[in-house]
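Only one structure is covered here, and it is reproduced in the block below.
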Amino acid sequence: MATSFADFVALRKSREQLGPPGGPKLYAHPADSVVQRVLSRVGLQGSVEAVLESYLKVFYGTLIHDSVQASPRQFPELYALLTDCSERLGIAVPRLLVGPGPGGMGMNAFTFGTDQECFIFVTSLLALQMSEEELRFVIGHECGHIHNQHVTYLTLGYLLHYQLFSKFWKDPDLYKFPMFATRLPLASWQRRAEITADRAGAICARDTDAGARALIKLRLGFASLAQSIDVEAYLAQGEDLRRESLAVRGQELGYSHPLVVKRIQMLRLFARSELFYSCAGLPRPAHVDLLQRNDLERETEAFVSVL
């Protein structure tokens, strides 16, 4: 369907609101933006990327070349969603691969590689069981990682903690301290980077309800199970969790993603914000008091903060 001139102008204005290239984006969680600025000043990214690219070619070359790459001829519907999300965020169209995933990982999506050379991977089960708007959110989320230059350090964090340190976890205590000492601050940033990416998914889908449905399906693994979920009752579990003891909530300190009940609540906050309508290029609803940026981030931090 052809894009009208009015739609083109709205898209251009909304993209301009997202922030300049090469730096933290307007919709990014503030803590994520701070970390990105610090990392950019360290100046190690080029060296890290060189190492990661070599590693990926050796250990992930088969996955990359044995999966199906979305294109106008292969999975054209997915490719259309990918190009739409890329255009909305103002990034080059990345590679999107479809396959069963490492170890038959079920319903999942991830972005891997470096900020200069990366790919989005969507498992075939996810592509089969998500609706078009849910897929738009998921692909937009992964494009958000690319847009905000998360990919290099997310990949490095995965390799360090799930490929390297975890292999030594049962070995001498010498290895346990560096894993613990680096895991907690990295996980704290990762959780906030996921908030940023969820916001990108909502901006691409222009619908946070689709994001909530997608997150529930990802958590349960099957679309048919998700249809039996009462979202409000599910979110009430999150309120119960916030009242639990520190010992219970403290388990989240090492998690790379916020709990799904929290992610949905934070998406709902974003949907009620001035920032969402500005970045998505949507008309503001009449007679509705939208959250200002400071209020949005304060209420968001109440959910993402573990302790």
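Derivation of every value follows stated rules applied to the coordinates shown; laboratory data play no part. No experiment lies behind these values; they were computed from the predicted model shown. Reconstructed Cβ throughout: ideal geometry from the backbone, glycine too, with neighbour counts over all protein chains shown.
What is the fewest-to-most order of F119, F222 by other Cβ atoms lying within 10 Å of their Cβ?
On the way: F119 21, F222 12.
By the 10 Å Cβ count, ascending, the order reads F222, F119.
Could you list E194, E239, E49 so that the one with the fewest beta carbons within 10 Å of its beta carbon is first and the one with the most is last?
Working: E194 24, E239 10, E49 20.
So the ranking, lowest neighbour count to highest, is E239, E49, E194.
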